[in-house]
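Trainee: First the structure, which I've put down as structure tokens, then a few questions once you've had a look.
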Amino acid sequence: MIEVCDLEKSFGVRQALRGVSFSVGEGELLALVGPNGAGKTTLQRILAALSKPGGGSVRVAGFDPVVDAQEVRRRVGFLSHRPLLYEDLSGEENLLFYGRMYGVANLSQRTTSLLARAGLANRRDDLVRTYSRGMKQRLAIARALLHDPAVLLLDEPYAGLDRRAAERLDAALSDPVVTLGGRPRTVLMTTYNLEHGLSHSGRVAFLVAGTIAHETGDEDRHPDRTRELYEAALAGQGER
Amino acid sequence: MQSLRGLWAIVRKDLALERRSQEAVSSMFIFGLLVILVFSFSLDLRAESAVQAAPGVLWVAFTFAGMLGLSRSFIRERDQGCLDGLLLCPVDRSVIYFGKLVSNLVFMFVCEAIILPLFVALFNLPFRPALLAVVVLGTLGFAAVGTLFSALTVHTRAREVMLPVLLFPVVMPVIIAAVRLTAGLLDGSPWAEIMQWMRLLVGFDVIFLALCYMCFEYVVEE
Amino acid sequence: MRLRRIIPGHLLTIVSALFMAVALVFTFLIAPREAVMGDVQRIFYFHVAAAWTGYLALVVAFLASVLCLTRGPGRWDGLALSSVEIGLVFVTEGIVSGSIWAKAAWGVWWTWDPRLTTSAVLWLIYASYLTLRKAVQEESRRARIAAVYAVMGFAAVPINFMAIRWWRTVHPVVLESSGLHLGPTMLATLVLSVVAFTLLYFTLLRLRLRLQDAGDRIESLMRCPGGVS
């Protein structure tokens, strides 16, 4: 579902991504762990067709985000570390707006059920400005799922969440179906915190200084082993 | 058509936001009135000279007030991170441009609809229905470029100052034409005399709408 | 447009200097003294040349900007920036010399002559372009944003000229910009001046581009010392 090969991206003289290659199959979850500045957000933005790659090839849901940007956008749900919500609109109005932009069918029904699943049904008419961080995150997830995307891109989904909210997110992500539709979604999650990456059953890969430093295979599934490898990868970057 | 629905969704959203906060329209409107008042005092407009200076005063009021609304157009999106939200949607970038343009036009028209009659009354001017056409076309040209530049200045420091600096040299023909047309209509000049200005205005609108539509995606892409 | 490669070494600078010297000689010594205005009229040769070059710079900036948008920033962005910077200098020269000319010919420092006024608008567009570049915080966006503005500016200038010209017929300025009757020597001097200034523009452009290149290389070296460019 997601295929990245030798992806490069520079901002002026600064090279954010230097030859990233990995793939995520349909229904899989890959956690990309890396320190700040490793290029995680840059990578997510390219996959979401918000940014153009400098080199290499990318395929998301079978389409090239540069050539078929609309097709990719239709099939991708993006959770940014910013909520992407209008503070002066209510939760429901936010979903209705995005639903119209995505051309979602049966919009009001879908909005209602998504709000219910997010536990926001009783706050649907309140302005997003009045929501807590955790509630905004839940609404943002609902927004990302609104158009039933095949691919979910989560960039630092745990940022700013307290433990309870984080647990709720864990639960939601552990269920591979993740709300309506009934079909498996492909999930790429980026985070700076290895523990978040380990709390899911999927694979873990390390993104350090713009490249993939390691990808867990079957032999190093054990969390402790993964932690060791991650420390090594970070240390390796320090020496550079 | 999905594009039209997307465009309309953006307009609805902006109108809803405006209805909640009322930041844009009220400040634009008050500012426009202030400009007219300030000019009235500083130019010491008596009856005879009023008619001469009036068209200029009107359009300065419209453009300065319009500037306020335009600068907020994309800044509000950017501050709430919603510009990315818009760009994520599977719509052509031009849909975002036109959606924003229409919202800006609505806000400017609302202000102008209140300012214009007040202005006509204040200066005791004759009202000509053709004036409405001039206001619409002039605002259209101004807003077309202004919407694009508003998106441009989102990524700059001192955004509110940047916009007028960039905008005025480019929209000067609109202002000149609009003022001349207004003046011509107010003192009853024959149509043949002022028709060239109408052609300039329409020409500008057409050319720059096309140009801005083409350039918009380069401004928002990364 | 690899100017540096097309015109080898210092040839351009030498030719440019030569033409400028000849133009100066013609302007001050060979061209006849104008009957009505006297020697002050000689400013005309440089005024027209500077103004022309100022507009030429806009055309170059426009083309470079279009290429920047369609082909990617790279060299084109540097070219657009250089052209605007140099163009600003020439337009300033044009306006100042035009103002002196106006004072000598009609006793006023400024007339709302459409060409002079449009030059003032052009000056503002150049200045705004440079201000815009300074104000954009993200380096990666700077080239594209500036390029879009350059394109809009280029489109605006001819329309501005038309508008101002028509506006002037409504407010007829008593001081008409009279065309000079140009004898053959004067015409030759004018052509020489224009050519000299155009060559000067390209010389300065080339130098400025070299400066840009050097700056870019220093920056990239600073970021990855001993690294690949």
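Trainee: Taking the residues in the stretch C:130-154 that are more than 18 Å from the chain's Cα centre (by Cα) and aliphatic (A, V, I, L, M) as candidates, determine which candidate is farthest from the other protein chains (Cβ to nearest Cβ).
Mentor: Result: C:Ala143.
Trainee: Continuing with the same structure: From (1) within 21 Å of C:Ile164 (Cα to Cα); (2) at pLDDT below 90; (3) at the interface with chain C (Cβ under 10 Å from one of its Cβ atoms), pick out the condition that doesn't hold for B:Ala158.
Mentor: All conditions pass for B:Ala158, except number (1).
Trainee: Moving to a separate point now. Give me the residue from the stretch B:1-23 that is basic (Lys, Arg) and farther than 13 Å from B:Lys100 by Cα and, out of that set, farthest from the other protein chains (Cβ to nearest Cβ). Write out each step before concluding.
Mentor: Taking the stretch B:1-23 first, the residues basic (Lys, Arg) are B:5, B:12-13, B:19-20.
Among the residues that remain, those that are also farther than 13 Å from B:Lys100 by Cα are: B:5, B:19-20.
Values: B:Arg5: 6, B:Arg19: 9, B:Arg20: 5 Å.
Going through the qualifying residues, I end up with B:Arg19.
Trainee: A follow-up question, please. For the stretch C:1-104, list the helices (runs of 4 or more DSSP H) that sit wholly inside it and hold at least 1 residues that are modelled with pLDDT of 80 or more and out of contact with any Cys (no Cβ under 8 Å at 6 or more places or on another chain); which are they?
Mentor: Answer list for the stretch C:1-104: C:11-25, C:43-71.
Trainee: Same structure, new question: Does C:Thr27 satisfy the condition of being in contact with a helix residue (DSSP H, G or I) (Cβ under 7 Å, 6 or more places away or on another chain) and not hydrophobic (A, V, I, L, M, F, W, C)?
Mentor: yes
Trainee: Quick one: which residue in C:Leu88, C:Leu69 is within 14 Å of chain B (Cβ to nearest Cβ) and either at positive phi or touching a Gly at 6+ places or on another chain (Cβ under 9 Å) (or both)?
Mentor: C:Leu88
Trainee: Among the residues of the stretch A:80-97, which ones are aliphatic (A, V, I, L, M) and within 21 Å of A:Leu152 (Cα to Cα)?
Mentor: Matches in the stretch A:80-97: A:Leu84, A:Leu85, A:Leu95, A:Leu96.
Trainee: Right, something else. Would you be able to say whether some residue in the stretch B:182-199 is more than 9 Å from every other protein chain (Cβ to nearest Cβ) and touching a Ser or Thr at 6+ places or on another chain (Cβ under 6 Å)?
Mentor: No, because not a single residue in the stretch B:182-199 is more than 9 Å from every other protein chain (Cβ to nearest Cβ) and touching a Ser or Thr at 6+ places or on another chain (Cβ under 6 Å).
Trainee: Same structure again: Output the number of residues of the stretch B:170-201 satisfying the condition of being closer than 17 Å to C:Pro158 by Cβ and under 15 Å from the mean Cα position of the chain (by Cα).
Mentor: 9
Trainee: Looking at B:Glu23, B:Glu18, which is the one that is at pLDDT 80 or above and within 23 Å of B:Phe142 (Cβ to Cβ)?
Mentor: B:Glu18
Trainee: State which residue is surrounded by the fewest Cβ atoms within 10 Å (Cβ to Cβ) when the search covers only the stretch B:161-170 and only residues that are touching a helix residue (DSSP H, G or I) at 6+ places or on another chain (Cβ under 8 Å) and more than 8 Å from chain C (Cβ to nearest Cβ).
Mentor: If we take residues in the stretch B:161-170 being touching a helix residue (DSSP H, G or I) at 6+ places or on another chain (Cβ under 8 Å) and more than 8 Å from chain C (Cβ to nearest Cβ), then B:Pro164 is surrounded by the fewest Cβ atoms within 10 Å (Cβ to Cβ).
Trainee: Please indicate, with yes or no, whether at least one residue in the stretch B:171-180 is more than 9 Å from chain C (Cβ to nearest Cβ) and surrounded by fewer than 15 Cβ atoms within 10 Å (Cβ to Cβ).
Mentor: Within the stretch B:171-180, none of the residues are more than 9 Å from chain C (Cβ to nearest Cβ) and surrounded by fewer than 15 Cβ atoms within 10 Å (Cβ to Cβ).
Trainee: Answer yes or no: is there a residue in the stretch B:29-41 that is in a helix (DSSP H, G or I) and closer than 20 Å to B:Arg159 by Cβ.
Mentor: Yes, because at least one residue in the stretch B:29-41 is in a helix (DSSP H, G or I) and closer than 20 Å to B:Arg159 by Cβ.
Trainee: Given the options C:Leu187, C:Leu199, name the one that is at pLDDT 90 or above and assigned to a helix (DSSP H, G or I).
Mentor: The unique qualifying residue is C:Leu199.
Trainee: Among the residues of the stretch B:59-72, is any within 13 Å of another protein chain (Cβ to nearest Cβ), in a helix (DSSP H, G or I) and exposed (fewer than 15 other Cβ atoms within 10 Å of the Cβ)?
Mentor: Looking for residues that are within 13 Å of another protein chain (Cβ to nearest Cβ), in a helix (DSSP H, G or I) and exposed (fewer than 15 other Cβ atoms within 10 Å of the Cβ), one finds none in the stretch B:59-72, hence no.
Trainee: Can you find, within the stretch B:78-112, the residue that is nearest to the other protein chains (Cβ to nearest Cβ) among those that are in contact (Cβ under 8 Å) with a residue 24 or more places away in the chain and among the charged types (D, E, K, R)?
Mentor: B:Asp92
Trainee: For A:Ser113, which of the numbered conditions (1) part of a helix (DSSP H, G or I); (2) in contact (Cβ under 8 Å) with a residue 12 or more places away in the chain; (3) surrounded by fewer than 23 Cβ atoms within 10 Å (Cβ to Cβ); (4) within 11 Å of another protein chain (Cβ to nearest Cβ) fails to hold?
Mentor: Going through (1) part of a helix (DSSP H, G or I); (2) in contact (Cβ under 8 Å) with a residue 12 or more places away in the chain; (3) surrounded by fewer than 23 Cβ atoms within 10 Å (Cβ to Cβ); (4) within 11 Å of another protein chain (Cβ to nearest Cβ) one by one, A:Ser113 breaks only (4).
Trainee: So, one more: Would you check which residues across the stretch C:124-164 are β-branched (Val, Ile, Thr), farther than 22 Å from B:Gly141 by Cβ and surrounded by 20 or more Cβ atoms within 10 Å (Cβ to Cβ) and list them?
Mentor: The one that is β-branched (Val, Ile, Thr), farther than 22 Å from B:Gly141 by Cβ and surrounded by 20 or more Cβ atoms within 10 Å (Cβ to Cβ): C:Val136.
Trainee: For the stretch C:31-62, enumerate the residues that are without any contact (Cβ under 8 Å) to a residue 24 or more places away in the chain and not basic (Lys, Arg).
Mentor: C:Ala35, C:Val36, C:Gly38, C:Asp39
The values are calculated or read from the model by the stated rules, or taken from the named source; none is laboratory data. In this text the structure is predicted, and so the values were computed from the model without any measurement. Virtual Cβ from ideal backbone geometry, glycine too; neighbours counted across all protein chains shown.
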